[in-house]
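To start, the structure itself, in structure tokens.
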Amino acid sequence: MSKSVEREAVIRARSLTKKYKDFVAVDGIDFDVYRGESFGLLGPNGAGKSTTMKMITSVSQRTSGELTILGKEPNNQGPEIRAHLGVVPQKDMLDRELKVWENLVTYGRYFGLPRKWLKTKVEELLEFAQLTEKRNEKADDLSGGMQRRLAIARGLINEPEILLLDEPTTGLDPQARHILWDRLFRLKEQGVTLVLTTHYMDEAEQLCDRIIVMDKGKIMAEGSPAELIRKYSSKEVVELRFGTDKNEGVAKQLEGKSERIELLPDRILLYTDKGEALLTSILDSGLHPVTSLVRRSSLEDVFLRLTGRTLVD
Amino acid sequence: MSLEFKPGSAVDPKRAVRFGAWRVAEYRFYAMSKWMTSVIVFGFGNPILYLISVGLGVGALVDANTGGGGILGVPYIQFVAPALLASAAIQGVMDEVTFPTMDGFVWDKVFFAINATSVSATQIANGVMIVALGRGLFTTVLYLGVLLAFGAVPLTSVLPLLFTSMLAGWGWASVMLAITARLERDDGYFAIIGRFVIAPMFLFSGTFYPLEQMPLFLQPLGWISPLWHSVQLGRHLSYGMELADGMLLVHLAYLAIMGMVGMRFVYPKFKERLSR
Amino acid sequence: MITQALITQAVAIAEKRAKRPGASVYSGRAITMIERSLYAAKSSNWLIIISGFVEPVLYLMAFGFGIGQLIGDIQDGSGNPVSYAAYIAPALLATSAMNGALYDATWNVFFKMHFSKVYQVMLSSSLGPMDVALGEISWALIRGATYSVGFMAIAWPLGLVTSAWGLLAIPAATLIAFGFASIGMAITSYMKNFQQMNWVNFFLLPMFLFSGTFFPVSVYPEWIQVIVKALPLCQGVDLVRSLMLGIIDISVLGHIAYFVVMIVLGLSFTTVRLKALFMR
């Protein structure tokens, strides 16, 4: 963490807490986001990711703790802070009554940007989002991937220093996700700080320099994806399925075969550094799984280790 | 409790294809029962408000002007009663064949789910029609009770009026269902139909004053309107307004043909849309 | 291509305003909301917009001239005989202002709040809730006022305006539209589902039918008259009728005050609600 000293923190949270009546959505979290990095908030639904994002956008007031965005105080400098931010909300929230280019112009106008300046900016953004040909279509008529790209273009209209993306690829097909990731990489190369929430482990591994893993409003772990995997999981995982009724019994027999074993309702996970060898030894011992798979460890395994739960339940 | 499954043995295919329309109706009535308060209040409150404001309020002005002679020999409230009844029936069916039907095709697409069982497209169309008529009948019967209480219709004409109102309801419902089946998306069509078709029909079908009082060039508006035909029949049956020779048959035939022709356009479109 | 200026324009603009009082709820850019509405109107269905103008004309024809033949002349507020059409025309003008304003301020607002969620997006720019409230309400009032001008263009040539004061009916209708737009949006912000929205409609129909629109409120018993006269549409109908028939007295000021209060209440409630809903 020594390098963080010389880097400028654009977002700084200390003991940040948000309560809705009795429910604690965010429970005293600390983190810094540095200029130019790509920062991920990872966790299942209800972990407090979106609430944290809303507090950063300063549309949601924190209950207690400290939060500064570019050194400003969100409680009374909301509009100023938002002028520095680009926001890409979950579910896009496009203005469906308007055409593609009108969506960009009106949003720019909300910031008070002059029409003349917007005219060229909109063209640049349409090209960036690969939507130039669709400029005159209604936002409603675009495909899911295009709508998401339009939402990103809209978030960039004020040339923000920080772009906040809430679940940027949820609901998109694999091809659309890859196009989107490519666009986000380009933005990062331009020096835009990216802050994103996700419950997809592969997305966090692909996009983020640094992540915090959240669960029930708390931070469970922090670091780069590779660091986290190294720290909380093994190199490889063997996944075995013996049938719904049999998994539990077999799991008992397998104890001691690997460093760690996890029994899930539908399968057994064995954590090891040598997957193939372990699988062979299991098959040799006379056990016959219905399906078997050896794979590399992922953030999914980190999460399981940290919380005892899978991400999507 | 564990799930027991004997694939392929639960459904009797012969039973499954019979009475599909009634099963569609059953589910839709059930769905409607959750909005019963709105169904009653809107299907029924609307015409009652008109009865009080126009029948009694404006009626007082009319009756004062005509010196108690009324129109066609009856007080104004009796004059408008059959018209308000028929328009209640039309409004009742209309509420079912517009948005809920579009919902089945466009938004929740439940017709496609129903069609994936043994129920056919024609049965779905019939089921929708049964529900529409049921809804129309429900409000019409309630409304007849109110009209009776106000002394706006004689007891003896209750059944004939129920018939003529529902006939108009059916005629209009089948035309409207044929239109709804052809709409691919909302785009405010129902608002347009409401304001450019339903509102003029309500106002210019001899509802509030005799059709003959309108300039001759506007009278054809009434002639094509199912409401006018039903109103003429209703006035004849309710207080013996004179009809020209053969007109009784013309009015009845117009409404019946409207219903039948409408359905001819409903079935093929339902089939086509559900088999896409 | 995407160039990062050191300090961007949006930031500069936001900082310029930051020191003013109320900067966290109002950025002074409600006008951009009207620009948005213009774009949306341009590609929306024009027939629907026109229909709001046609509807009162239909009522004028059917009731004024149709039923009017059965009624003949009736007495206006000061005892002079006027034709039935001239009697109901002001009421229809006030109603069309109300309907035009309410359509945008209720159903459209409801849709934007719960389905398209455009307000959340607006509030994630540097707009504040007061900009959104003022912008939406202004647009609704523009629509209401437009309908009343259209209606006037029909009613005047038909000889239904008997006094030069009648010209003031248009600003009066604008005031009425403003009042209904603000209160309409405030009420809508409390509505949670379509059923509740239907109840708003359900309240409007009797108000339309019983606010002295088609017959004088003097037909009611005393205590009902008190209730009816407190209804906003009745206030509006009285105001416009006084102007179009040239019956000018102190009550006109009372009606105006009524609507001013309605506007202030509506605007402040809407702002508070938007803040509570989207900036928790």
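Tell me, what does the Kirkwood hydrodynamic radius of the stretch C:24-90 come to in angstroms if you use every pair of distinct C-alpha atoms? Let's see the in-between values first.
Values: mean 1/r = 0.0648 Å⁻¹.
The answer is 15.4 Å.
Scanning chain B for helices, which whole DSSP H stretches are 24 Å or more long along the axis (Cα) and average 0.5 or more by Kyte-Doolittle?
Helices meeting the span and hydropathy rule in chain B are B:76-97, B:121-149, B:158-181, B:247-274.
Cα centroid distance between the stretch B:195-218 and the stretch A:261-303, in Å?
79 Å
Between the stretch A:98-160 and the stretch C:214-277, how many Å separate their Cα centres?
43 Å
Could you report the buried accessible area between A and C, both sides summed, computed with a 1.4 Å probe and given in Å² to the nearest 100?
On the way: alone 15650 and 14590 Å², together 26230 Å².
Buried: approximately 4000 Å² between C and A.
Could you pull out every residue, at least 5 positions away or on a different chain, whose amide H is within less than 5 Å of the one on residue C:27? Hs are placed 1.01 Å off N in the peptide plane, and Pro or chain starts have none.
C:128, C:131
If the only charges are +1 at each Lys and Arg Cβ and -1 at each Asp and Glu Cβ, what is the size of the charge dipole of the protein assembly as shown around the Cα centre, to the nearest 20 debye?
Details: 82 positive and 75 negative charges, 190 e Å.
Magnitude of the dipole: close to 920 debye.
Given the whole protein assembly as supplied and a 1.4 Å probe, what does the accessible area of residue A:27 come to in Å², nearest 10?
We get 60 Å² for residue A:27.
Using label points projected 7 Å from each Cα along Cα→Cβ, tell me how many nm separate residue C:200 and residue A:68, to one decimal.
According to this spin-label approximation, the distance is 4.4 nm.
Between helix A:275-284 and chain A, what is the angle of the helix's C-alpha long axis to the longest principal axis, kept within 0 to 90° and rounded to the nearest 10?
Value to nearest ten degrees: 30.
Is any residue of the stretch C:197-220 close enough, with backbone N under 19 Å, to a label point placed 7 angstrom from the Cα of residue B:60 along the Cα-Cβ axis, and if so, which?
Under cut-off, by backbone N: C:206-220.
Cα-based Rg of the protein assembly as shown per 2.2 N^0.38 Å, rounded to two decimals?
1.16
What is the average number of partner chain Cβ atoms found within 10 Å of a Cβ in C:41-47? Working shown, then result.
Values: counts 1, 4, 6, 3, 6, 1, 7.
The per-residue average across the peptide is 4.
Please state the shape class of the stretch B:35-142: rounded when a/c is under 1.5, otherwise prolate if a/b exceeds b/c and oblate if not, all from the C-alpha gyration tensor.
Values: a/c = 4.37, a/b = 3.23, b/c = 1.35.
The shape class here is prolate.
Just to be sure I understand: if I project the alpha-carbon convex hull of the stretch B:84-134 onto a plane and average over all orientations, what area do I get in nm²? Spell out each step's value before the answer.
Details: hull surface 13.9 nm².
For the stretch B:84-134, averaging the hull's shadow over all directions gives 3.5 nm².
Mind checking which of A:285, A:306, A:269 is farthest towards the positive end of the stretch A:211-313's charge dipole, using Cβ charges of +1 (Lys, Arg) and -1 (Asp, Glu) about the Cα centre?
Farthest towards the positive end: A:306.
What does the charge count near residue A:276 come to, summing +1 for each Lys or Arg and -1 for each Asp or Glu among other residues with Cβ under 15 Å from its Cβ? Display every interim value, and only then the final one.
Values: positive: A:235, A:257, A:274, A:295, A:296; negative: A:236, A:239, A:273, A:284.
Residues near residue A:276 contribute +1 overall.
Cα axis of helix A:174-189 to longest principal axis of chain A: angle in degrees, 0 to 90, nearest 10?
Between helix and principal axis, roughly 60 degrees.
Compute the relative contact order of chain A as a whole-number percentage, counting only Cα pairs closer than 8 Å that sit 6 or more residues apart in sequence. Please report the intermediate quantities before stating the final value.
Working: 580 pairs, mean separation 60.3, N = 313.
The normalised contact order for chain A reaches 19 percent.
Would you mind getting me the FRET efficiency between residue C:41 and residue A:123? Use the beta-carbon distance for r and R0 = 25 Å, nearest 0.05.
Values: r = 24 Å, r/R0 = 0.98.
Efficiency for this residue pair is about 0.55.
In the structure displayed, which of A:134/C:42; A:49/A:188; A:72/A:216; B:109/C:192; C:117/C:229 lie more than 30 Å apart, Cα to Cα? Mind showing how you got there, number by number?
Details: A:134/C:42 18 Å; A:49/A:188 21 Å; A:72/A:216 27 Å; B:109/C:192 24 Å; C:117/C:229 37 Å.
Going by Cα-Cα distance, C:117/C:229 fall outside the 30 Å limit.
When the Karplus curve 6.51 cos²θ - 1.76 cosθ + 1.60 is applied with θ = phi - 60°, which whole-Hz ³J(HN,Hα) does each residue of the stretch C:157-171 get, with x for Gly and Pro?
Computed from phi, the couplings for the stretch C:157-171 are x, 7, x, 8, 10, 9, 9, 5, 4, x, 4, 6, 4, 6, x Hz.
Going 7 Å from the Cα of residue C:15 toward and past its Cβ, which residues in the stretch A:69-98 have a backbone nitrogen under 19 Å from where you end up?
A:69-86
What percent do you get for the relative contact order of chain B when only Cα pairs under 8 Å and 6+ apart count? Each step should come with its number before you reach the end.
Numbers: 336 pairs, mean separation 66.7, N = 276.
Computed over chain B, the figure is 24 percent.
Apply the Debye scattering formula to chain A, with a single equal point scatterer on each alpha-carbon and no solvent, then give log10 I(q)/I(0) at q = 0.08, 0.09, 0.14, 0.16 Å⁻¹.
For chain A, the Cα-only Debye profile gives -0.44, -0.54, -1.07, -1.26.
In nm, to one decimal, how far is the modelled label at residue B:276 from the one at residue B:250, with both set 7 Å along Cα→Cβ?
4.1 nm
Residues of C:22-29, mean number of Cβ from any other protein chain within 10 Å of their own Cβ, rounded to a whole number? Walk me through the numbers on the way to the answer.
Working: counts 0, 5, 8, 2, 1, 7, 1, 5.
What the average comes to for C:22-29 is 4.
At what distance in nm do the modelled label points of residue B:183 and residue B:49 sit from each other, each positioned 7 Å from its Cα along Cα→Cβ?
It is 2.1 nm.
Can you show me the helix-derived [θ] at 222 nm for chain A, built from DSSP H runs with n ≥ 4 at -39,500 (n - 2.57) apiece and divided by the number of residues, rounded to the nearest 500.
Working: 11 runs with 110 residues, N = 313.
When only DSSP H runs of four or more count, the value is -10500 deg cm²/dmol.
P(r) of the stretch A:166-271 in 10 Å steps, Cα pairs, percent per bin?
Calculated P(r), rounded to whole percents: 12, 31, 31, 20, 6, 1.
Compute from the Cα atoms of the stretch C:24-278 the Rg and the Dmax, the latter being the longest Cα-Cα distance, and quote both in angstrom.
Gyration radius and largest Cα-Cα distance of the stretch C:24-278: 18.7, 60 Å.
Out of B:171, C:69, C:239, whose Cα points farthest toward the positive end of the dipole of the protein assembly as shown (charges: +1 Lys, Arg; -1 Asp, Glu; placed on Cβ)?
C:239
The values are calculated or read from the model by the stated rules, or taken from the named source; none is laboratory data. Computed from a prediction, not measured in an experiment: that's the story for all the values here. Note that we place each Cβ from the backbone using ideal geometry, even for glycine, and neighbour counts take in every protein chain shown. In case anyone asks, the SASA skips ligands and DNA or RNA and just uses the protein heavy atoms, side chains included. Shrake-Rupley method; radii C 1.70, N 1.55, O 1.52, S 1.80 Å.
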